[in-house]
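J.: Can you keep this structure in mind? I'll have questions shortly.
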């Protein structure tokens, strides 16, 4: 997993409530067994008109927003089915952080396990962040648990274990391998049943 400490990037506001995983990556695109290749289909039904032409009215198609890596959105983000592909699509598109009012439990866990930072902030703070112009950067400072924009600074909570994993670029396998010596010692004490 890639380490995350401080991200200072442009953003995209999609201030809708209850954006579910089928809106993030519709079911017809779940055929790929890899974690890549989903970004082109992120928000498919909103990004494309019938026939596959880009919808000029959808903010993700705004040329000034193309490089954004922070998504600012509504409450209950990632609700619906438990598809991990939704996180893969967000990451593959280029997002590193989503800031919402809340998440479904499964989406939040899929995010953390895939190295995708999901931050919870109140609506008033998200509205301020959503006002950022396309060339203005929002800073996410994970070590200090702050989101900064202009003179604003918003604190956010994160489980200390997840914070440690993100900052150090560790996934569950890396954590387990940190106990390799203890595991080997334990295995040596086990009776041989061969």
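J.: Specify the residue with the greatest mean-square fluctuation among 104, 81, 11, computed from a Gaussian network of the chain linking alpha-carbon atoms under 10 Å apart.
T.: 81
J.: Tell me the relative contact order for the stretch 133-194 as a rounded percent, counting alpha carbon contacts under 8 Å between residues six or more apart.
T.: Numbers: 31 pairs, mean separation 10.4, N = 62.
After rounding, I find 17 percent.
J.: GNM, the chain, Cα, under 10 Å: largest mean-square fluctuation among 123, 180, 84?
T.: 180
J.: Further question on the same structure: Among 93, 152, 103, which one shows the highest mean-square fluctuation when the chain is modelled as a Gaussian network with alpha-carbon springs under 10 Å?
T.: For the chain, modelled as a Gaussian network with Cα springs under 10 Å, the answer is 152.
J.: Then there is this: So how do 184, 9 line up by other beta-carbon neighbours within 10 Å, fewest first?
T.: Arranged by neighbour count, lowest to highest, 184, 9 become 184, 9.
J.: Quick check on the stretch 50-159: take the gyration tensor over C-alpha atoms, sort the square-rooted eigenvalues as a ≥ b ≥ c, and tell me if it's rounded (a/c under 1.5), prolate or oblate.
T.: Because a/c hits 1.5 or more and a/b fails to exceed b/c, the stretch 50-159 counts as oblate.
J.: Here's a follow-up. For the chain, what does the helix formula give at 222 nm: sum of -39500 (n - 2.57) over DSSP H segments with n ≥ 4, over the residue count, nearest 500 deg cm²/dmol?
T.: -8000 deg cm²/dmol
J.: Let me ask something else. Please tell me the relative contact order of the stretch 94-140 in percent, rounded to the nearest whole number, where contacts are Cα pairs under 8 Å and at least six residues apart. All intermediate terms of the calculation are to be shown ahead of the outcome.
T.: Values: 33 pairs, mean separation 18.4, N = 47.
Answer for the stretch 94-140 is 39 percent.
J.: In Å and whole numbers, how far do the C-alpha atoms of the stretch 90-140 stretch along each principal axis, longest first?
T.: 30, 23, 15
J.: Relative contact order, percent, of the chain when contacts are C-alpha pairs under 8 Å separated by at least 6 residues?
T.: This gives 27 percent for the chain.
J.: Could you point to the label whose value was computed as Kirkwood radius over Cα pairs in Å for the structure here, given (1) 15.8; (2) 16.7; (3) 17.9?
T.: (3)
Rule-based calculations on the coordinates, nothing more; no lab input. What you see is a predicted model; the values in this text were computed from it and never measured. Counting neighbours? That spans all protein chains shown, and the Cβs are built from the backbone with ideal geometry, glycine included.
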